[in-house]
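**Q** Mind having a look at this structure? Questions to follow.
The values are calculated or read from the model by the stated rules, or taken from the named source; none is laboratory data. For clarity, every value in this text was computed on a predicted model and none was experimentally measured. Cβ sites come from the backbone with ideal geometry, for glycine too, and all protein chains shown count toward neighbours.
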Amino acid sequence: MMIIMHPGAPKEQVSGVIAEIEKQKLSSHVIEGVEQTIIGAVGDGHYVAKEIFEALPGVMSVQRISQPYKLASRQFHEQDSVFQLDGFTIGENQIPIIAGPCSVESREQILEIAQSVKEAGANALRGGVFKPRTSPYAFQGLGEEGLEYMAEAREKTGLPIVVEVMAVSQIKMMEKYVDVFQLGARNMQNFNLLRAIGETRTPVLFKRGMSATIEEMLMASEYILSGGNTKVMLCERGIRTFETATRNTTDINAIPVLKKLTHLPVIIDPSHSTGDSAYVSAIAKAGVAAGADGVIVEVHNDPAHAISDGKQSLTPEAFAKMVKQVKAIAEAVDRRLVDQHERV
Ligand code: PEP
Ligand code: MN
């Protein structure tokens, strides 16, 4: 439920409400607005009467959140969530572009790609070092060695790094390196992993499971939010349908639907949603036109020889062209790309 405080309610009254929430074995999540504080109280579903909170000093009203997801809902957090990532803002009118290879393959490869995506306008670098491959015999990633190369690429370009975490046991080690955890489609309902990521304060790029409904996606993101990690970006990366002409089907509808249901930023991944470099730019533009708050795209210096996802990887030249076109679309919908000069 949401406990809405009177405008200007003093800190002691807010603390009193939080103490009662804890007494009721619920957890509290505070949103401090300019005029008013709202406190979310969530728990394991056991019934707690709202009158208990209505009687407390400073409380203006108490409302139950009607959706099954609570902290992710717009009802709880009406305004878009906005947070900082190494000098630029996610969730405002600016659109960041995250680019890089599917997998980190070598030091030279990642340093070269990092430099070229930066020159073409990327704001963050992606690159997997633990790869969720369909076959156990396929390349599984460079592990910590790959993170060292990613960290070097960050140092050389200033781009923050986004890397997929696949297991609870990797979190502690990876936190030392990464700016953003990617939670992969195949792990979207790995609830232990979600809870463990929720205990960190590292921002998360949260990918939709390939067969997950929008509601399942929001419920799963709730596992992270309820642990107190509020920096969650949702990513539409395509879903499985009967169509075989493309690797997945981009659920463009999901973008405005998510923007209506949740305050969390929404990122489009046109690489995995199409599986073909020929369609990536079109779907990046469609995503931004539909209201996406950012784009994540696979770029490789030699797609034909990429160890993973070469077919869907853009060359640096094709990426540069895509960025120019996405910029025009962003401006047409009253947004803009992040200006690299704004970075600190
Ligand atoms: C990836 O980003 O390389 C990846 C494996 O993505 P997804 O989890 O969306 O398949
Ligand atoms: Mn990939």
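**Q** Could you list, in sequence order, all residues of the stretch 257-291 that are crowded, with 20+ Cβ neighbours inside 10 Å and either within 16 Å of ligand 2 (Cβ to nearest atom) or modelled with pLDDT under 95 (or both)?
**A** ILE267, ILE268, ASP269, PRO270, SER271, HIS272, SER273, THR274, SER277, VAL280, ILE283, ALA284
**Q** Scan the stretch 62-69 and tell me whether some residue there is crowded, with 16+ Cβ neighbours inside 10 Å, touching a Phe, Trp or Tyr at 6+ places or on another chain (Cβ under 9 Å) and free of Cβ contacts under 8 Å to residues at least 60 places away in the same chain.
**A** For the stretch 62-69, residues crowded, with 16+ Cβ neighbours inside 10 Å, touching a Phe, Trp or Tyr at 6+ places or on another chain (Cβ under 9 Å) and free of Cβ contacts under 8 Å to residues at least 60 places away in the same chain: absent.
**Q** Please verify whether the stretch 98-115 includes one or more residues that are within 16 Å of ligand 1 (Cβ to nearest atom) and of a type in the set (S, T, N, Q).
**A** Yes.
**Q** Quick one: is ILE224 part of a helix (DSSP H, G or I) and β-branched (Val, Ile, Thr)?
**A** yes
**Q** If you scan the stretch 221-237, which residues turn out to be away from ligand 2 (no atom under 16 Å from the Cβ) and either within 18 Å of PRO256 (Cα to Cα) or out of contact with any helix residue (DSSP H, G or I) (no Cβ under 6 Å at 6 or more places or on another chain) (or both)?
**A** Residues satisfying the conditions are SER221, GLU222, LEU225, SER226, GLY228, THR230, LYS231, VAL232, MET233, LEU234.
**Q** Which residues, taken from the stretch 292-322, are of a type in the set (Asp, Glu) and within 15 Å of ligand 2 (Cβ to nearest atom)?
**A** Within the stretch 292-322, GLU298, ASP309 meet the criteria.
**Q** Follow-up question, since we're still on this one. For LEU147, are the conditions met, namely being more than 16 Å from the chain's Cα centre (by Cα), buried (at least 24 other Cβ atoms within 10 Å of the Cβ), over 22 Å from ALA304 (Cβ atoms) and more than 12 Å from ligand 1 (Cβ to nearest atom)?
**A** No, not satisfied.
**Q** In the stretch 144-166, how many residues are away from ligand 2 (no atom under 16 Å from the Cβ), small (Gly, Ala, Ser) and closer than 21 Å to GLY184 by Cα?
**A** Within the stretch 144-166, residues that are away from ligand 2 (no atom under 16 Å from the Cβ), small (Gly, Ala, Ser) and closer than 21 Å to GLY184 by Cα number 1.
**Q** Follow-up. Select, from ARG240, ARG201, ARG154, ARG195, the only residue that is under 22 Å from GLY287 (Cβ atoms) and among the basic types (Lys, Arg).
**A** Within the list ARG240, ARG201, ARG154, ARG195, the selection yields ARG240.
**Q** Restricted to the stretch 292-335, and to residues that are over 19 Å from LEU125 (Cα atoms) and β-branched (Val, Ile, Thr), which residue is surrounded by the most Cβ atoms within 10 Å (Cβ to Cβ)?
**A** ILE329
**Q** Might you let me know whether the stretch 168-187 holds any residue that is away from ligand 1 (no atom under 15 Å from the Cβ), surrounded by 24 or more Cβ atoms within 10 Å (Cβ to Cβ) and not in a strand (DSSP E or B)?
**A** No, the stretch 168-187 has no match at all.
**Q** Among (1) within 16 Å of ligand 1 (Cβ to nearest atom); (2) outside any loop (DSSP other than H, G, I, E, B), which single condition is THR246 missing?
**A** For THR246, the failing item is (2).
**Q** On the given criteria, is ARG107 within 16 Å of ligand 2 (Cβ to nearest atom), basic (Lys, Arg), modelled with pLDDT of 95 or more and closer than 30 Å to ALA304 by Cα?
**A** no
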